[in-house]
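Report on the following structure.
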Amino acid sequence: MSLFYVNQALTLNPADNESRPLKPRRRVVVENDEYAAFVRRIIRAYARRVATGDVEALRDMVGLSTLLDDSIGDAVKGLRTHGYSWAEIADRLGISRQAAHQRWGGEQ
């Protein structure tokens with residue numbers, strides 16, 4: 001891209017081309033218990049939509065199931081990276097340590 005197309009008003013210190021480190025932005029956490037409850041409501045509403053005769057949406061719903069399974073695997077992998085044991089993870093899920101390791105521990 002040519003510099004002629006760069007809006008100089010939007011760049012840092014356009015006159016002397018110096019850049020300064022940006023301040024890290026404070027991250028607003030939205031993924032809380034209320035967020036999880038909202039996601040549950042959305043999934044249930046989608047299921048009601050499919051149940052009323054939207055057969056074409058059934059495939060998309062199954063795709064969401066696959067996405068959720070993959071996301072749970074990513075979450076478990078992340079917890080393991082942060083030092084959580086298989087016993088701690090299994091305890092939260094109400095399953096045995098061996099069952100958790102069997103399901104998500106294949107690559108570790």
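Computed from the coordinates by the stated procedures, all read-outs in this text should not be read as laboratory data. Bear in mind the structure is a predicted one, so any value in this text is a computation, not a measurement. With ideal geometry, Cβ positions are generated from the backbone for all residues, glycine too; neighbour counts draw on all protein chains shown.
If you plug each phi of the stretch 88-101 into the Karplus form 6.51 cos²θ - 1.76 cosθ + 1.60 with θ = phi - 60°, what whole-Hz ³J(HN,Hα) values come out, in order, with x for Gly and Pro?
With coefficients 6.51, -1.76 and 1.60, one gets 5, 5, 4, 4, 5, 9, x, 10, 7, 4, 5, 5, 5, 5 Hz.
Whole-Å semi-axes of the stretch 62-103's equivalent ellipsoid, largest first, each the root of 5 times a Cα gyration tensor eigenvalue?
19, 12, 7
So which GluC sites (Glu not before Pro) in the stretch 33-108 are both in a DSSP loop and have at most 14 other Cβ atoms within 10 Å of their Cβ? Walk me through the numbers on the way to the answer.
On the way: sites: 34, 56, 88, 107; in loops: 56, 107.
Passing both the DSSP loop test and the Cβ count: 56, 107.
Modelling each spin label as a point 7 Å along the Cα-to-Cβ direction, I'd like the residue 98/residue 75 distance in nm, to one decimal.
Going by the 7 Å Cα→Cβ label model, 2.6 nm.
Using r as the Cβ-Cβ distance of residue 34 and residue 57, and R0 as 22 Å, what FRET efficiency do you calculate, to the nearest 0.05? Don't jump to the answer; show the numbers that get you there.
Values: r = 26 Å, r/R0 = 1.18.
With R0 = 22 Å, the Cβ-Cβ based efficiency is 0.25.
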